[in-house]
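Asks: Questions regarding the structure given below will be posed in turn.
The values are calculated or read from the model by the stated rules, or taken from the named source; none is laboratory data. These numbers come from a predicted model, not from an experiment. Positions of Cβ are generated from backbone atoms using ideal geometry, with glycine treated the same way; all protein chains shown enter the neighbour counts.
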Amino acid sequence: MAQHIELQGDHTEAIMKQEFEKLHQFLRDEEAARIVELRTEELQKIRTLREKIENITRDIASLTDIISAIEETMAGDDISFLQNYHKIEEKVQCTLQNPEPTSAALIQVSQHLGNLKFNVWEKMQNIANYTPVILDPNTAHCRLSLSNDLTTVRFSETSMGGPPGPDRFDSSAVVLGSESFCSGSHSWDVKVGESSNWALGVMAESTPRRGNLTSGSGLWRIWYYNGQYRVGSTPGAPVLLTVEQKPQRIRVQLDWDLGQLSFFDPVHDVHLHTIDYTFTERVFPFINVTCEVSPLKIMPLKTSVTVMHHHAYL
């Protein structure tokens, strides 16, 4: 047990470092991209300003030439001046507009610095998923392996190791969620894919984790085995379900207060079954899988950021 705890600590630390490195790399990439955007705007503004300076310089040179030509003509005799009057008048009519300040000529500092941390954090949601149920590796049967983010479980014919304990299942290939529910409404989607043998639902906190789970009480689930879907609770006879389209995902929806556990196919928007039961204790999300073909994965939720605006009236 002590050796396993030490291995757990080292493995958890390594995964934490990997996850933080992903966040660090995201921040480095975001910083680099925003600096490139800033410098690009800076170069564009300077290029525009230089073009205006060059235009003004050409206009000044042109005016200087006109003034020199007029002065040269006026320096001659009066008859020559009168004869060339119309040409002189045309040159004088060549008026130039005074250069006016251009709006947004300076760098838009507010666009680069305004709410910088918030904007980066909002964008970070693309890589920071929220999963409503996290699996507890301390409960996983020795034939089950979990992904590093504790959202995917895979069955293996060989033992994954791990010391026995009161929290770990010893005969059923089961893993529980890390958090229990004793009130409120909760929902999570599980991708079952092409798995040919799985079960999903909830299990009571007091249900023993040793031996045959179906011989006792406190287990409510839907399962797929030998091409058939069944649903039920222990003790009790299961109900055979008629499912027209094979679900790739199963939504487990628990309303603890109302006493309902419902199962849906969210892809085809089909209600599969609802179990009515008056829950009296905490329940844990429950997953059972004994098929190596396809792992089961708890799907992340779509998250969004809402900004509340408060208006003050005088």
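Matching residues to (1) among the basic types (Lys, Arg); (2) part of a strand (DSSP E or B); (3) touching a helix residue (DSSP H, G or I) at 6+ places or on another chain (Cβ under 6 Å):
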site: Gln245; (1), (2), (3): no, no, no
site: Arg251; (1), (2), (3): yes, yes, no
site: Leu254; (1), (2), (3): no, yes, no
site: Asp257; (1), (2), (3): no, no, no
site: Ser262; (1), (2), (3): no, yes, no
site: His268; (1), (2), (3): no, no, no
site: His273; (1), (2), (3): no, yes, no
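Asks: So, in segment 281-314, how many residues would count as being modelled with pLDDT of 95 or more and farther than 29 Å from Ser156 by Cβ?
Replies: Total satisfying the criteria: 2.
Asks: Name the one entry in Gly216, Gly232, Gly236 that is within 29 Å of Pro164 (Cβ to Cβ), without any contact (Cβ under 8 Å) to a residue 24 or more places away in the chain and not polar (S, T, N, Q).
Replies: From the options Gly216, Gly232, Gly236, the qualifying one is Gly216.
Asks: Got at least one residue in segment 74-82 being within 30 Å of Asp149 (Cβ to Cβ), in a helix (DSSP H, G or I) and either modelled with pLDDT under 85 or among the polar types (S, T, N, Q) (or both)?
Replies: no
Asks: Of all residues in segment 183-207, which are surrounded by 15 or more Cβ atoms within 10 Å (Cβ to Cβ) and not in a strand (DSSP E or B)?
Replies: Result: Val192, Gly193, Ser195, Ser196, Thr207.
Asks: Go through segment 249-276 and give me each residue that's of a type outside the set (Val, Ile, Thr) and loosely packed, with under 15 Cβ neighbours inside 10 Å.
Replies: Correct list: Asp257, Leu258, Gly259, His268, Asp269, His271, Asp276.
Asks: Something else: Exactly one condition in (1) in contact with a Gly (Cβ under 7 Å, 6 or more places away or on another chain); (2) in a loop (DSSP other than H, G, I, E, B) is false for Phe286; which is it?
Replies: Status for Phe286: all satisfied but (2).
Asks: Out of everything in segment 208-236 that is assigned to a loop (DSSP other than H, G, I, E, B) and in contact with a Phe, Trp or Tyr (Cβ under 9 Å, 6 or more places away or on another chain), what residue ends up being surrounded by the fewest Cβ atoms within 10 Å (Cβ to Cβ)?
Replies: Filtering segment 208-236 for residues that are assigned to a loop (DSSP other than H, G, I, E, B) and in contact with a Phe, Trp or Tyr (Cβ under 9 Å, 6 or more places away or on another chain), the one surrounded by the fewest Cβ atoms within 10 Å (Cβ to Cβ) comes out as Arg210.
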